[in-house]
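What follows is one structure encoded as structure tokens, with my remarks underneath.
Bear in mind these aren't lab numbers, they're just calculated from the coordinates by the rules spelled out. Being a predicted model, the structure only gives us computed values, none of them experimental. Positions of Cβ are backbone-derived with ideal geometry, glycine not excepted, and every protein chain shown enters the neighbour counts.
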Amino acid sequence: MKIDGTPYRSIWREADGTRWGAVRIIDQRWLPHDLRIETLAGLDAFAVAIRDMWVRGAPLIGAAAAYGVAVRMAANPSDASLDEAWRLLHATRPTAVNLRWALDDLRGRLAPLPPGARAEAAFARADAICEEDVERNRRIGEHGLALIRAIAARKAPGEPVRVLTHCNAGWPATVDWGTATAPIYHAQGAGIPVHVFVDETRPRNQGAQLTAWELNAAGVPHELIVDNAGGHLMQHGEVDMVIVGTDRTTAAGDVCNKIGTYLKALAARANGVPFYVALPSPTIDWTVRDGLREIPIEERPGEEVTHVQGRDGAGRIVSVQVSPDGTGARNPAFDVTPAHLVTGLITERGVCAATPEALAAMFPDRATPAPPATRPPRRGAT
């Protein structure tokens, strides 16, 4: 995508006179007010960038981890070093499954190689992971476009398709295109009018800071709304569809995404609004069936809730406290939306139902047999 007319990706390798070049990222902590490009020069730098959310979004986290392993192999290609890179990076963000997928992929390819061949192979694979992510997201956009086109066909000419998003599943969360935003960009390119309601997405405000920033740069009509406004808009018929991303989707179709996604799905179901999840296939965890029981939910620092970052009247980026001294905070970063609340999964291979059968049929080369999920009875059920 472009920033002020200049094409960017969220992560890239750039020639700098050294053999392997430099890995650069957009440091998302400062958006939308300041575009800062950082060079990640060592394994610890990649771990910090992932853990402290310089990079965000499951696909981008996976790509960053792959480059982190490559940089480590350039410095020390030993078996012990490879294992250390896997352990250090895997511990940074426990929920996003693309992280483990990328690390397992790299270790599986590199371990059989002689140490002297590992750096070149690692950089080649990290480059490929990035290119594959871009292509997957482009195809997600094409399949999602068909859904938007069908809604547009039922509207009066010129009336926009109104899409609600939660968190940032745009190009900053991937290498390019985004997942939830890819159908929107394809619709824009096809001349279909769209209007996006952007959830602010507390506590880190990824919607306000990132999604609104990228849509604004792309010229997509949008409005920022508080997280609790979505249900109200749905009740009054102002939302045609919801499209969100995901950090991990189970083999049974449960979706783990930014905290608050579950409430959007409940509101959508109550008001007859289709709720779609856009995801590249590495985000599917074929080893997990029951998202509520099996997906680890990251708990982040309470300061993210008690403080908020923004730009003051003097143009400085500052953090301010919004709660009283002495008030603690809980900060689960994700929640799980059960599969029965999901209208469909938009993947690079097409749109399918959020069921184990549909996912296995869509990805027969990747699905693994697993016992059916069992859930505890709902409170009050007999």
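Positive end of the dipole of the chain, charges at C-beta (+1 Lys, Arg; -1 Asp, Glu), about the Cα centre: which of P59, V239, I317 has its Cα farthest in that direction?
It is V239.
Tell me, what is the FRET efficiency for D312 and A91 to the nearest 0.05, using R0 = 41 angstrom and their Cβ-Cβ distance as r? Before the final figure, lay out the partial values.
Numbers: r = 35 Å, r/R0 = 0.86.
Efficiency computed from Cβ-Cβ geometry: 0.70.
Collect residues whose amide H, placed 1.01 Å from N in the peptide plane, falls under 5 Å from the amide H of M241; neighbours closer than 5 in sequence don't count.
Correct list: R162, L164.
For the chain, what does the helix formula give at 222 nm: sum of -39500 (n - 2.57) over DSSP H segments with n ≥ 4, over the residue count, nearest 500 deg cm²/dmol? Please list the in-between numbers first.
Working: 12 runs with 138 residues, N = 382.
After summing the helix terms and dividing by residue count, I get -11000 deg cm²/dmol.
Long-range amide H contacts for H222: which residues qualify at under 5 Å (H placed 1.01 Å from N, peptide plane, sequence gap of 5 or more or a different chain)?
When sequence neighbours closer than 5 places are left aside, the close amide H contacts are V196.
With θ set to phi - 60°, apply the Karplus curve 6.51 cos²θ - 1.76 cosθ + 1.60 along the stretch 288-296 and write out the HN-Hα couplings as whole Hz, x wherever there is a Gly or Pro.
Karplus-based 3J(HN,Hα) across the stretch 288-296 equals 10, 10, 9, x, 5, 8, 10, 7, x Hz.
Would you mind counting up the charge near R162? Only other residues with Cβ under 11 Å from its Cβ, with Lys and Arg at +1 and Asp and Glu at -1.
On the way: positive: K155; negative: E159, E223, E238, D240.
Net local charge, R162 excluded: -3.
Would you work out the charge dipole size for the chain about its Cα centre, treating the Cβ of every Lys and Arg as +1 and the Cβ of every Asp and Glu as -1, and quote it to the nearest 20 debye?
Values: 41 positive and 44 negative charges, 115 e Å.
My answer is approximately 560 debye.
Quick one: what are the phi-derived ³J(HN,Hα) couplings along the stretch 7-15, Karplus 6.51/-1.76/1.60 with θ = phi - 60°, whole Hz, x for glycine and proline?
The phi angles translate into x, 9, 10, 7, 8, 7, 10, 10, 4 Hz.
Quick one: which residues, 5+ away or cross-chain, put their amide H under 5 Å from the amide H of V336? H built at 1.01 Å from N.
So V336 has HN proximity to no qualifying residue.
Taking the DSSP beta bridges in the chain as the whole, what percent of them are antiparallel, to the nearest 5? Could the numbers behind the result be given before it?
Values: 25 of 44 bridges.
Bridges in the chain that DSSP calls antiparallel: roughly 55 percent.
Under 8 Å for C-alpha pairs, at least 6 residues apart: give me the relative contact order for the chain, rounded to a whole percent.
Numbers: 766 pairs, mean separation 57.6, N = 382.
Reported as a whole number, the value is 15 percent.
Output the relative contact order of the stretch 22-177, whole-number percent, from Cα pairs under 8 angstrom with separation of 6+ residues. Intermediate values should be presented prior to the final figure.
On the way: 188 pairs, mean separation 37.9, N = 156.
So the answer I get is 24 percent.
I need the trypsin sites (Lys or Arg not before Pro) found in the stretch 71-163, filtered to DSSP loop residues with at most 12 other beta carbons within 10 Å of theirs. All intermediate terms of the calculation are to be shown ahead of the outcome.
On the way: sites: R72, R87, R100, R107, R109, R118, R125, R136, R138, R139, R149, R154, K155, R162; in loops: R154, K155.
Those that pass, being in a loop and sparsely packed, are R154.
Using 0.36 nm per residue, how much length does the chain from I297 to A358 gain when fully extended, once their Cα-Cα distance is taken away?
Working: separation 61, 0.36 × 61 = 21.96 nm, distance 2.57 nm.
Extra length from I297 to A358 when fully extended: 19.4 nm.
Through the Karplus equation 6.51 cos²θ - 1.76 cosθ + 1.60, θ set to phi - 60°, convert the phi angles of the stretch 82-93 into ³J(HN,Hα) values in whole Hz; use x for Gly and Pro.
My calculation for the stretch 82-93 gives 4, 5, 5, 4, 4, 5, 5, 6, 5, 7, 6, 9 Hz in order.
Could you size up the charge dipole of the stretch 160-300 around its Cα centre, putting +1 on the beta carbon of Lys and Arg and -1 on that of Asp and Glu, and report it in debye to the nearest 20? Walk me through the numbers before you get to the answer.
Numbers: 10 positive and 15 negative charges, 27 e Å.
For this selection, approximately 120 debye.
Apply the a/c threshold of 1.5 to the C-alpha gyration tensor of the stretch 1-152 and tell me whether it is rounded, prolate or oblate.
Prolate.
Please label the shape of the chain as rounded, prolate or oblate, based on the square roots a ≥ b ≥ c of the eigenvalues of the alpha-carbon gyration tensor (a/c under 1.5 means rounded; beyond that, a/b larger than b/c means prolate, else oblate).
Details: a/c = 1.43, a/b = 1.26, b/c = 1.13.
Rounded.
So which residue, out of A146, A190, A367, gets the largest mean-square fluctuation from a GNM of the chain using Cα contacts under 10 Å as springs?
A190
Could you work out how far the C-alpha centroid of the stretch 84-136 sits from that of the stretch 15-54, in angstrom?
A separation of 17 Å, based on Cα centres.
Rounded, prolate or oblate: pick one for the stretch 138-362, where a ≥ b ≥ c are the square roots of the eigenvalues of its C-alpha gyration tensor, a/c under 1.5 means rounded, and failing that, prolate if a/b is larger than b/c, else oblate.
Values: a/c = 1.73, a/b = 1.19, b/c = 1.46.
It is oblate, given that a/c is not under 1.5 and a/b is not larger than b/c.
Say a paramagnetic label sat at a point 7 Å from the Cα of R154, along Cα to Cβ; which residues of the stretch 265-280 have their backbone N under 20 Å from it?
265-278
In whole percent, what relative contact order does the stretch 138-362 give with Cα contacts below 8 Å and a gap of six or more residues?
21 percent
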